[in-house]
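Quick notes on the structure that follows.
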Amino acid sequence: MVLVYHSSAGLLARERAPMRYNSSMERVPLAERMRPKTLNEVIGQSHLLGKEGLLHQIVASKEPVSLILWGPPGSGKTTLARIIAREVEAEFVELSAVTSGKKDVERVIEHARQNWNLQLRTILFVDEIHRFNKAQQDAFLPHVESGLISLIGATTENPSFEVISPLLSRTRVLVIEPHSKKEIITILRRALETLGKSKRIEEAAIDYLAELSGGDARVALGNLELALTMNTRKVTTDTVKAAAQKRVPGYDKKGDMHYNVISAFIKSMRGSDVEATLYYLARMIDAGEDPKFIARRMIIFASEDIGLAGNGALGLALQAFQAVERLGMPESNYVLHHVATALARSQKSRETTDLMYSSQQLAKKYPDAAVPVHLRNAPTQLMKDLGYTADYKWESGFQHKKGFLPEEVIEREHP
């Protein structure tokens, strides 16, 4: 039994009849109709569904485990949660953190207590669990701890930042990967066979649908469904373009993708891979990333990774930032690609960075070491009489016999 909780209407049983037109003649979306019912029907996620995979073992043992499913939209998080509940013979109660609050959670917990008295297990699925605040997430803790409920949370955001630590310690975090293009094509073909419309679409159109999906099976099936309703005898690439319009990149300027892509951009420059560098740069620009953010990262890179191997890199990166400020987009495209290419091709040196970290560690280790007397400023005669600037000469490259580090540091670090 699958239950979906609505804060305004209480717990509602989901119909288990075959998917078809309902009484109001509104068709169930294709993505819902094609939702797998067993693990064997799931496409992808082989790292979790193989014989050694955790989800396979949970289903085989018939023992539910509290989980956090972390993955992008359309990767199958809700589907996997429903299959687990069905396979372990637990009642599945679904909440959306977007529309539910703490009181809704309390009502579901009361329902779980009734199940407990009837010796029935309850799996509580919370979609978008990262949207619950700390107090709302705290409400799950005692009930997960006691085993009253098995919690399965779904999130598109990094649980390390969005889910409270006590809850993370009581659950297993599973990474749900986006579907590959090949997997999306398999999903589309399965849908076409189910609909009996495999002959109505060109191979190139299936490939294009998969390309547009960005790994999101829901998007792929939604676009396919729309394309099939177009008034054409054969679904072509042009039909798909008309139905799907422009693809929206899976990129959130405040989410994980933002940090993942900029990280890949930096690492590609560090590895002197121009093609990869410009690929990630183009992805950020296409997704609407702030060009000044990209330029700032290149300034840091110029010192951190090129440093003394190419002192002109820092000036070039600074000029890029100034140009971006003055030009705006799309003209700044040229500047960003120009400078990113130059930085990727430059020789690299981590000497400045290594020296910086070393000096920072030394300063933390000896934060109060006395400055040597011979290096201290001597604006008065008394200070000179006390040895300030003693034996110091104002000469380029002058090496004082007592050195320049504090005596304490020299004795301990250079005995």
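The values are calculated or read from the model by the stated rules, or taken from the named source; none is laboratory data. A quick note: this is a predicted structure, and the numbers were derived from the prediction, not measured. Methodologically, a virtual Cβ is constructed for each residue, glycine included, from the backbone with ideal geometry; neighbour enumeration extends over all protein chains shown. Note: accessible area is taken over every heavy atom of the protein model, side chains too, but ligands, DNA and RNA are not part of it. Shrake-Rupley method; radii C 1.70, N 1.55, O 1.52, S 1.80 Å.
For the range 40-171, what is the convex hull volume of the alpha-carbon atoms per residue, in Å³? Let's see the in-between values first.
Numbers: hull volume 13.5 nm³, N = 132.
So the per-residue Cα hull volume is 103 Å³.
Let me spell out the model: positive unit charges on the Cβ of Lys and Arg, negative unit charges on the Cβ of Asp and Glu, origin at the Cα centre of the range 341-389. What dipole size does that give, in debye rounded to 20? Before the final figure, lay out the partial values.
Details: 7 positive and 4 negative charges, 48 e Å.
Using only the charged Cβ atoms, the result is roughly 220 debye.
How far is helix 274-286 tilted, in degrees, relative to the longest principal axis of the Cα atoms in the chain, given as a value from 0 to 90 rounded to the nearest 10?
60
Provide the per-residue ³J(HN,Hα) series for the range 82-87, in order, calculated from phi with Karplus coefficients 6.51, -1.76, 1.60 and θ = phi - 60°, each as a whole number of Hz, with x at glycine and proline positions.
Along the range 82-87, the couplings run 5, 5, 4, 4, 5, 6 Hz.
Suppose we keep just the DSSP beta bridges with both residues in the chain; what percent of those would be antiparallel, to 5? Numbers along the way, then the final one.
Working: 4 of 27 bridges.
Bridges in the chain are about 15 percent antiparallel.
I need the phi-derived Karplus couplings for the range 108-116: 6.51 cos²θ - 1.76 cosθ + 1.60, θ = phi - 60°, integer Hz, Gly and Pro marked x.
Running phi through 6.51 cos²θ - 1.76 cosθ + 1.60 with θ = phi - 60° gives 5, 4, 5, 4, 5, 5, 5, 4, 4 Hz.
When the helix-only estimate is applied to the chain (DSSP H runs of n ≥ 4, each -39,500 (n - 2.57), divided by the residue count), what is the mean residue ellipticity at 222 nm, nearest 500 deg cm²/dmol? Each step should come with its number before you reach the end.
Details: 21 runs with 205 residues, N = 415.
Taken over the chain, the calculation gives -14500 deg cm²/dmol.
Solvent-accessible area per residue for the chain at a 1.4 Å probe radius, Å²? Numbers along the way, then the final one.
Details: 23790 Å² over 415 residues.
Dividing the accessible area of the chain by its residue count gives 57 Å².
Identify which of ASP385, ASP238, ASP104 has the largest mean-square fluctuation in a Gaussian network model of the chain, with springs joining Cα atoms closer than 10 Å.
So, out of ASP385, ASP238, ASP104, the one fluctuating most is ASP385.
Using only Cα atoms, figure out Rg for the range 206-356 and give it as a multiple of 2.2 N^0.38 Å.
Values: Rg = 19.6 Å, N = 151, 2.2 N^0.38 = 14.8 Å.
Cα-based Rg divided by the globular estimate yields 1.33.
With the full set of protein chains in place, find how many percent of the accessible area of the range 154-255 is carbon and sulfur; take the probe as 1.4 Å. Walk me through the numbers on the way to the answer.
Values: 2880 of 5680 Å².
Ligands and nucleic acids excluded, carbon and sulfur give 51 percent.
Calculate one ³J(HN,Hα) per residue across the range 367-378 by plugging θ = phi - 60° into the Karplus curve 6.51 cos²θ - 1.76 cosθ + 1.60, and present them in order as whole Hz with x for glycine and proline.
x, 10, 4, 5, 5, x, 4, 5, 9, 7, 5, 10
Within 10 Å of each candidate Cβ there may be at most 11 other Cβ atoms; applying that plus a DSSP loop requirement, which trypsin sites (Lys or Arg not before Pro) in the range 150-233 survive?
Details: sites: ARG170, ARG172, LYS181, LYS182, ARG189, ARG190, LYS197, LYS199, ARG200, ARG218, ARG233; in loops: ARG170, LYS197, ARG233.
Here the sparse-neighbourhood loop sites are ARG233.
With the Cα gyration tensor of the range 132-213 in hand, give its eigenvalues times 5 under a square root as the equivalent ellipsoid semi-axes, listed largest first in whole angstrom.
Each semi-axis is √(5λ); the values are 41, 14, 10 Å.
For helix 217-229, report the angle its Cα long axis makes with the longest principal axis of the Cα atoms of the chain; keep it between 0 and 90° and round to the nearest 10°.
The angle comes out at about 50 degrees.
Given a Förster distance of 30 angstrom, what is the FRET efficiency for GLU395 paired with ALA309, based on the Cβ-Cβ distance and rounded to 0.05? Let's see the in-between values first.
Working: r = 30 Å, r/R0 = 0.99.
FRET efficiency, GLU395 to ALA309: 0.50.
At 0.36 nm per residue, and after removing the present C-alpha to C-alpha distance, how many nm does the segment from LEU355 to LYS402 gain when stretched out fully? Intermediate results must be reported in sequence, preceding the final value.
Values: separation 47, 0.36 × 47 = 16.92 nm, distance 2.22 nm.
Taking 0.36 nm per residue and subtracting the Cα distance, the gain is 14.7 nm.
If eta is 0.890 mPa s and T is 25 °C, what Stokes-Einstein diffusion coefficient results for the chain, Kirkwood Rh from Cα pairs, in µm²/s? Can you show the working numbers first?
Working: Rh = 26.6 Å.
D, rounded to a whole number, is 92 µm²/s.
Amide H to amide H under 5 Å from VAL235: which residues, 5+ apart in sequence or cross-chain, H placed 1.01 Å off N in plane?
HN-HN under 5 Å from VAL235: ILE201, GLU202.
With +1 on the Cβ of every Lys and Arg and -1 on the Cβ of every Asp and Glu, and nothing else charged, how large is the dipole of the chain about its Cα centre, in debye rounded to the nearest 20? Show your work: numbers first, answer last.
On the way: 54 positive and 50 negative charges, 206 e Å.
Once rounded to the nearest 20, the dipole reads 1000 debye.
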